[in-house]
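Below: one structure, written as structure tokens.
The values are calculated or read from the model by the stated rules, or taken from the named source; none is laboratory data. Model, not experiment: these values are computed from the prediction. Quick reminder, even Gly has a Cβ in these numbers, built from the backbone with ideal geometry, and neighbours come from all protein chains shown. Ligands, DNA and RNA are stripped out before the accessible areas are found, and what is left, the full protein with its side chains, is counted by its heavy atoms. Shrake-Rupley method; radii C 1.70, N 1.55, O 1.52, S 1.80 Å.
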Amino acid sequence: MSQISNNNARIAKNTIFLYFRMILLMAVSLYTSRVVLSTLGIEDYGIYNVVGGIVSMLAFFNGTMSGVTQRYITFAIGERDEKKIQKVFSTALWLHWLIAFVIFIFSETIGLWFVVNKLTIPNNREFAAFWVYQFSLLTTIVLVVSIPYNACLIAYEKMSAFAYISITEAIFKLLIVYVISVAGNDKLIVYAALIFCVQLFIRMLYNIYCKKHFPKMIGKPYLHKSIAKSMTGFTVWSFWGGLATVGMTQGLNILLNIFFGPGVNAAKAVSSQVENAVQGFVTNFQVAMNPQIIKNYASKEIDKMQGLLFSGCKFSFFLLFLFALPIIVSCPFILKLWLVKIPDHTINFLRITMLILLVNSMSTPVMTAVNATGKIKKYQVIIGSIQLMIVPISYIALRLEAPAESVFVVYLFITLIAQISRLLILKPLINLSIRKFFKKVYYPALKVFFISSIIPGIIWIKYSNSDIVFIIELFVCLLSAIICIYYIGFDREERNFIKLKIKSKINRK
């Protein structure tokens, strides 16, 4: 029991650090994106996001390696094998430098050809688009070689480092906003160049921190063949998952650009900004929890692992729902407060995106549990194949002259199918009871979703969309969600635990 309490305390402490980091970055990100959109204009903002997205699409393999690196380092820590930890890090670093080189070659050939010949870019902005592409490539390469260092911090649960370094990152991003507002040259090029400079500096800070705090672990890139073989085999089956992620993000971005132009890309970029901000509330909790899932499996404590899986999925949904419900209901008012000019389609994009996030909020703990077992072949092939269908189905819909919103509707339905499939795949790996999962996770989540939406929904339908009504809606949404989560979403044991925590905090004061 003491060990469980210590683990829960560690998760709570790390979550607090990550929330501090997230709130800071979210505030800066929402403010800077508002100013950047206003300064660059809708067209240039759309160009930056779709052109930079091409590099991200070619770098999807890096996203796969990120999860693999974190899994192997965390697993080695769970086994308490220091020599293996050092070997895993050195091999991961070697592989990431190789990936960076491959990304550079492909980006300067296939990627550049696609940008020049296939994207819808106004003639007078082709030069700017070229340099945005180059700086986005350099930024991506910096992020690629940073992955092993970030994986170390997460695996060792040193979340405070993210919070402290993020203060510096936030300050520099605020400076970028000021610089582009007074820049006399092409503001789009200046913005892309400054983003690269900030990422390079932040990468150096992470490097310095890791070398100082993990000197025995951090070494030079070196290929340990046995570990590289194991990691590469793990990565190969993660390939489809990485490819599917690209299809869900940059693939749809490209389709929207081809069929509708940069203006709709700007609308998707705005919805993605809000999506990333809201998702951060869940991601931070999951980042603090995921190492414990992997370590419990590594130490053969399957019951504890399953308990953490149930709690992680349910709490992830509730954390996200607290923000998703007000955004869905009061979306026009929120965007009006945030942006100077709202691109067309943004409101519909954002509302459907929030529904997708709610479904996806429960996917990460399940995926982490599968990764912990190491048996990912079936998972990646099936889930990756399901998710890859988003792009061709969306393409068919757009060819049939469906509206831009149709790609998000397709995304939502595919996400629902993928989530059910994840549970069926995980079931035999850890002897998971699907019935128990539905009872402990889906049932309370659905009750909270529908019951807490009743009163906000009535206000939304019956009353005019004045600013006063929107403010009331925001308050009612938040209050309704909190009450329903506490009395309907949590069971008696969870409510008692919360009461005890609150009483202990009050007594300390």
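Numerical summary
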{"quantity": "Residue satisfying all of: in the range 173-188; buried (at least 17 other Cβ atoms within 10 Å of the Cβ) and within 26 Å of the chain's Cα centre (by Cα); modelled with the highest pLDDT among these", "calculated": "176"}
{"quantity": "Helices (runs of 4 or more DSSP H) contained entirely in the range 337-406, each with at least 3 residues that are open to solvent by less than 10 Å² (accessible area, probe 1.4 Å) and aliphatic (A, V, I, L, M)", "calculated": "346-360, 363-373"}
{"quantity": "Failed criterion for residue 455 (all others in (1) touching a helix residue (DSSP H, G or I) at 6+ places or on another chain (Cβ under 6 Å); (2) buried (at least 17 other Cβ atoms within 10 Å of the Cβ); (3) at pLDDT 85 or above hold)", "calculated": "(2)"}
{"quantity": "Qualifying position, being under 30 Å from residue 154 (Cβ atoms) and of a type in the set (Gly, Ala, Ser), among 445, 402", "calculated": "445"}
{"quantity": "Residue within the range 135-151 that is in contact (Cβ under 8 Å) with a residue 24 or more places away in the chain, small (Gly, Ala, Ser), surrounded by 16 or more Cβ atoms within 10 Å (Cβ to Cβ) and closer than 30 Å to residue 85 by Cβ present", "calculated": "yes"}
{"quantity": "Residues of the range 297-307 that turn out to be touching a residue at least 24 places away in the same chain (Cβ under 8 Å) and open to solvent by 10 Å² or more (accessible area, probe 1.4 Å), as a count", "calculated": "6"}
{"quantity": "Test for residue 442: is it within 30 Å of residue 301 (Cβ to Cβ), assigned to a helix (DSSP H, G or I) and not small (Gly, Ala, Ser)", "calculated": "yes"}
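Results for (1) over 30 Å from residue 260 (Cα atoms); (2) modelled with pLDDT of 90 or more; (3) among the acidic types (Asp, Glu), shown as yes or no for each residue.
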{"position": "382", "(1), (2), (3)": "yes, no, no"}
{"position": "391", "(1), (2), (3)": "no, no, no"}
{"position": "408", "(1), (2), (3)": "no, yes, no"}
{"position": "411", "(1), (2), (3)": "no, yes, no"}
{"position": "417", "(1), (2), (3)": "no, yes, no"}
{"position": "421", "(1), (2), (3)": "yes, yes, no"}
{"position": "426", "(1), (2), (3)": "yes, yes, no"}
{"position": "435", "(1), (2), (3)": "yes, yes, no"}
